[in-house]
1. For the pair B:Asn130/A:Asn128, report the inter-label distance in nm, with labels modelled 7 Å from Cα in the Cβ direction.
2. Scan chain A for the residue whose Cβ is closest to the axis carrying it onto chain B, then write down that distance in whole angstrom.
3. Enumerate the amide H contacts of A:Ile3 below 5 Å, restricted to partners 5 or more residues apart or on another chain; note that Pro and chain-start residues carry no placed amide H.
4. Determine the shielding of peptide B:354-366 by partner chains: average, over its residues, the number of Cβ atoms on other chains within 10 angstrom of each Cβ.
5. Using DSSP, restrict attention to beta bridges with both residues in the protein assembly as shown and report what percent are antiparallel, rounded to the nearest 5.
6. With everything on Cα atoms, drop me the angle between helix A:243-259 and the longest principal axis of chain A, reported from 0 to 90° to the nearest 10.
7. How about the stretch A:243-334: which trypsin sites (Lys or Arg not before Pro) there are in a DSSP loop, with at most 16 other Cβ atoms within 10 Å of their Cβ?
8. Given the peptides A:360-373, A:162-175, arrange them by the average over their residues of other C-beta atoms within 10 Å, most packed first.
Number of protein chains: 2
Amino acid sequence: MYIKKQRLLTPGPTPLLPQALHAMMGSDMHHRTEDFRKVYKSVLNGLKETMQTQNDVIVLVGSGSAAMEAAIQNCFSVGEEVLVCTAGKFGERWTALTKGFGLKPTVIEQPYGGAVTPAQVAAAFEANPNFRAVFIQASETSTGAAHDIEGIAKVIRNYDALFVIDAITGLGTMPLKIDEWGLDIVIGGSQKAFMIPPGLAFLSISDRAWKRMETSNIARFYFDLRRERKNAVNGESAWTPAVSLLLAMDAALKYIRDLGMDNLIKNAQLLARATRAAATALGLELLSGNNPGGSVTAICAPPGMDSSLIVKDFRNRFGSIIANGQGSMKGQIFRIAHLGYFDFGDLFAMVAELEIILAANGYPVQFGTGVAAVQNVYAEAALAKELAKEPVAV
Amino acid sequence: MYIKKQRLLTPGPTPLLPQALHAMMGSDMHHRTEDFRKVYKSVLNGLKETMQTQNDVIVLVGSGSAAMEAAIQNCFSVGEEVLVCTAGKFGERWTALTKGFGLKPTVIEQPYGGAVTPAQVAAAFEANPNFRAVFIQASETSTGAAHDIEGIAKVIRNYDALFVIDAITGLGTMPLKIDEWGLDIVIGGSQKAFMIPPGLAFLSISDRAWKRMETSNIARFYFDLRRERKNAVNGESAWTPAVSLLLAMDAALKYIRDLGMDNLIKNAQLLARATRAAATALGLELLSGNNPGGSVTAICAPPGMDSSLIVKDFRNRFGSIIANGQGSMKGQIFRIAHLGYFDFGDLFAMVAELEIILAANGYPVQFGTGVAAVQNVYAEAALAKELAKEPVAV
């Protein structure tokens with residue numbers, strides 16, 4: 001028995017921002033009051049600002065999947081043909097959701113670790129120009145891969161199709177120029193780069209998407225986005241909001257604005273780069289080496305080693321909670337997260353612990369090798385002034 | 001600008017136990033109620049249990065220095081001759097306190113980094129058998145050195161002298177057998193191995209010490225220990241207690257009892273051993289290499305480098321708050337703490353960060369060297385089953 005701090009280091013829920021957690025203590029507040037309306041408006045404005053869009057942003061009490069469902073319920077009609085791009089467990093969720101609500105999805109599927117290309121989307125539209133929408137992930141959380149959202153957006157803008165993006169782990173980990181690229185619906189969740197507990201989903205909605213809602217024929221009530229928009233003008237939610245989470249979100253958005261959304265993205269990408277360097281230095285394969293994202297890095301367990309062992313050992317030896325593979329990748333990979341409130345201190349510890357775990361399970365490791373790779377990425381970045389405003393000699 | 005988590009890694013205040021912090025939310029409670037009396041009794045019993053003594057333990061609202069003052073005010077009379085053992089800033093505090101209250105201290109002084117030996121104490125008593133007390137630190141926080149409390153106790157028991165021990169950073173980092181060794185007053189503070197914020201001090205008091213209070217002639221009111229003892233029987237404090245801190249302490253004592261006080265001590269000593277190994281691997285000198293304690297490790301800055309630079313760089317580059325030298329050691333040493341809620345994850349990050357900081361300031365470092373030394377200590381300890389109940393192959 002020794003001290004093992006429980007460290008939540010998964011790609012969602014992510015580590016909590018202390019000041020956001022503390023803000024939840026102010027939850028002794030009624031939601032139909034001027035005090036709370038101020039909070040609600042501040043959150044909506046803060047989300048628009050951090051998402052860097054002029055589109056409306058709507059907040060829902062629910063997980064990210066709630067906003068995925070809301071996008072389908074509000075903007076589509078039964079029987080419409082849509083294109084789903086999938087390369088992992090969350091891509092598969094779009095397939096299940098679109099089918100579940102009576103849409104007719106055509107699916108472009110890439111293997112886990114891959115990414116759908118703009119050329120594939122273009123070919124699909126050439127074969128059928130009538131797709132009413134394209135559904136995709138910005139970052140596929142199950143593999144860490146990033147899709148080329150900008151490239152695919154360019155293709156889609158030639159057609160009358162909505163571009164609906166699950167950016168639940170994409171926001172805050174990669175550039176997403178919603179207005180410039182014409183991204184119609186961009187979905188986020190509270191427990192990702194926004195550093196607070198699960199329970200809030202949000203989505204930005206373009207004028208094109210709002211217009212679709214006028215003719216959509218799918219039944220909806222709780223997730224009626226137009227109703228939410230109407231209420232939001234007055235700082236109100238349609239239904240009882242999750243007060244504690246909104247207070248937390250307000251605090252987190254302040255932190256993110258102070259840090260700068262661009263810096264939040266750079267931070268995640270730098271930690272991702274350092275993680276890839278560590279994995280390579282340790283002789284481990286990356287699952288999504290060709291299209292790595294900044295949210296999470298999926299690393300293949302050494303041949304013959306079940307990745308579940310690695311995940312368990314992180315918890316049992318060090319109290320660190322990291323993610324296993326999902327779906328068909330369970331036992332094959334483990335995932336080191338970077339999105340939101342992660343820093344080099346977290347990564348140094350994770351990599352040092354990983355080295356011990358690998359060695360303990362029979363994989364040859366020269367202690368310190370992976371950590372040194374992370375240190376070198378830090379040092380190069382510091383030299384390149386990515387990190388420090390003043391030149392720093394490292 | 002990038003994410004730097006503020007990590008409090010000093011030898012006091014130490015990192016906070018989350019469940020203790022959360023318990024403070026229950027502070028909406030009056031201290032003269034049965035509910036609170038239960039908490040107060042539970043804390044007093046918990047302190048006796050973790051301090052492993054049958055002596056009374058008294059809690060004061062104050063810092064550790066308050067309990068040092070209380071020991072002097074309650075047990076001594078103006079003009080009495082006492083022996084002070086000092087090898088650092090906190091030893092010097094005993095000199096100042098005893099003088100301040102009109103006692104006549106003889107001082108055995110060792111340089112910073114050293115420790116007073118039982119032989120020196122024996123020699124002092126041979127020269128003057130009339131000392132009414134010996135004052136010492138168990139662990140000298142300013143240098144990380146540990147005094148040989150057991151050895152010195154053996155000497156003192158031949159005389160009619162109280163043994164008064166500032167164990168503020170000694171408790172939870174080294175064995176202190178209060179009853180077996182005959183330690184008359186043992187002083188602790190909340191913000192050390194007890195993992196909660198500053199504001200509570202406590203002391204165990206032997207029958208010999210209680211007896212002294214009957215004749216002591218120093219004025220006292222707020223720190224009247226006999227008054228506190230009388231009230232404590234009913235679960236009450238003499239004056240308004242620090243409710244939030246007592247709730248936190250109650251939660252922390254539960255954690256420590258679950259972990260086991262012996263394991264808490266082993267944890268600190270193991271981290272201290274690993275830190276010494278890392279410093280040595282990096283070619284750095286230890287200040288108290290001959291008598292290292294488990295509370296904190298003082299490492300000398302490389303020749304020509306001001307340790308203040310290292311401390312500042314920890315904060316500026318990584319958000320980590322570590323301790324500089326105190327008194328004459330300022331600028332000479334920096335201190336890596338281990339007492340209380342510290343784990344290997346903390347140490348991996350601190351050592352990786354230290355390596356970068358040293359390199360950035362011109363000291364040659366092979367990245368990963370210090371971390372590997374820590375990993376090796378972990379691996380050896382795991383092999384030796386110090387850490388795991390089951391044999392673990394590392």
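Just so you know, all these numbers are worked out from the coordinates, no wet-lab data involved. Note that the structure is predicted; figures quoted are calculated from it, not measured. Reconstructed Cβ throughout: ideal geometry from the backbone, glycine too, with neighbour counts over all protein chains shown.
1. So the label points at B:Asn130 and A:Asn128 sit 10.5 nm apart.
2. Closest Cβ on chain A to the axis mapping it onto B, in Å: A:Gly368, 1.
3. It is none; the list stays empty.
4. Mean partner-chain Cβ count within 10 Å for B:354-366: 3.
5. In the protein assembly as shown, approximately 55 percent of DSSP beta bridges are antiparallel ones.
6. In chain A, helix A:243-259 runs at an angle near 60 degrees to the longest axis.
7. A:Lys330
8. Details: A:360-373: 20.2, A:162-175: 27.6.
So the order, starting with the most tightly packed, is A:162-175, A:360-373.
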